[in-house]
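Here the structure is laid out as structure tokens; the discussion comes afterwards.
The values are calculated or read from the model by the stated rules, or taken from the named source; none is laboratory data. Being a predicted model, the structure only gives us computed values, none of them experimental. Please note: Cβ atoms are built from the backbone with ideal geometry, for glycine as well, and neighbour counts cover all protein chains shown.
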């Protein structure tokens, strides 16, 4: 069917009318208003591309700003992200209100870039969950979001990767658990430690004998210590000279005996047991299997299932006031 010149003019007029009507629906020039009230302006759009859904992880270059005194003030810009990537990655959450930024991202495909105008009141109260607006946000104002969608990782892919990491971590933990007894036995043999362990597995080697009574639960003990891994690496100490020699001196902390009440579980079980065997002035070497140390925890420089070696000095005992 051929279209006459008159028909072409008619179609052109209808198109112009629709465009005018669309603009009338939006008080912001260049922005289109959706049924939910979201105002959007696409700079680049792949309408047929895959869109992210709730639970997918999105990687976005984005910023948002607010208009104040006729000028836009940027409140956030991912290009200033400390990681230096220029983008941020996060799971796309459930839409917190009609016309939200979550909804806006759900309209984008990878490679799309767009601008969105969204109610500041709704963003702060319903998305950020604040009780009152910040001083720099005027009630009834709007935020302008600029976004470019760089990547979508499906919820299923994320869950699969998380499960893989969990399986790998479980295997590593099992390997460390199985390796501990052998490593501990080697340390005892190499250092000629022949004392019998207590029922808990504690190896207690007295180096200097003290005087007086032993502490009991409720007493406050003051202790100097140096903690090492089985390979000799110092991971903590209360002795300044040891810290400096080990290259771990921290001028922000005091190097002095620490004080704590015995029997209150403020220290690891191996310490509680060993200190109860000591008198003031006693110095001892104690070797703790992980079961009475930090167990399967990754405690900073201490890997899971690590046997530990401590040089401990009981400086003093303070009995509770009656």
Output for segment 53-67, where each listed residue is more than 22 Å from the chain's Cα centre (by Cα) and under 14 Å from residue 116 (Cα atoms): 63, 64, 65, 66, 67
Index of the failed condition, residue 304 passing every other in (1) surrounded by fewer than 21 Cβ atoms within 10 Å (Cβ to Cβ); (2) touching a strand residue (DSSP E or B) at 6+ places or on another chain (Cβ under 7 Å): (2)
The lone exception for residue 119 - which of (1) in contact with a strand residue (DSSP E or B) (Cβ under 9 Å, 6 or more places away or on another chain); (2) within 20 Å of residue 152 (Cβ to Cβ) it fails: (2)
Leading residue by the ranking (nearest to residue 113 (Cα to Cα)) among those in segment 85-99 that are touching a strand residue (DSSP E or B) at 6+ places or on another chain (Cβ under 7 Å), touching a residue at least 40 places away in the same chain (Cβ under 8 Å) and outside any strand (DSSP E or B): 87
Test: residue in segment 218-231 that is at pLDDT 95 or above, farther than 24 Å from residue 260 by Cβ and surrounded by 11 or more Cβ atoms within 10 Å (Cβ to Cβ): yes
Residue match in segment 247-256 (condition: in contact with a strand residue (DSSP E or B) (Cβ under 6 Å, 6 or more places away or on another chain) and on the phi < 0 side of the Ramachandran plot): no
Residue identified as assigned to a strand (DSSP E or B) and modelled with pLDDT under 95 among 40, 26, 63, 73: 73
Among the residues listed as 192, 182, 139, 186, the single one being exposed (fewer than 10 other Cβ atoms within 10 Å of the Cβ) and in a helix (DSSP H, G or I): 182
Single match in 299, 269, 284 (criterion: more than 16 Å from residue 181 (Cα to Cα), modelled with pLDDT of 95 or more and surrounded by fewer than 20 Cβ atoms within 10 Å (Cβ to Cβ)): 269
Flag for residue 82 being out of contact with any helix residue (DSSP H, G or I) (no Cβ under 6 Å at 6 or more places or on another chain), surrounded by fewer than 17 Cβ atoms within 10 Å (Cβ to Cβ) and free of Cβ contacts under 8 Å to residues at least 40 places away in the same chain: yes
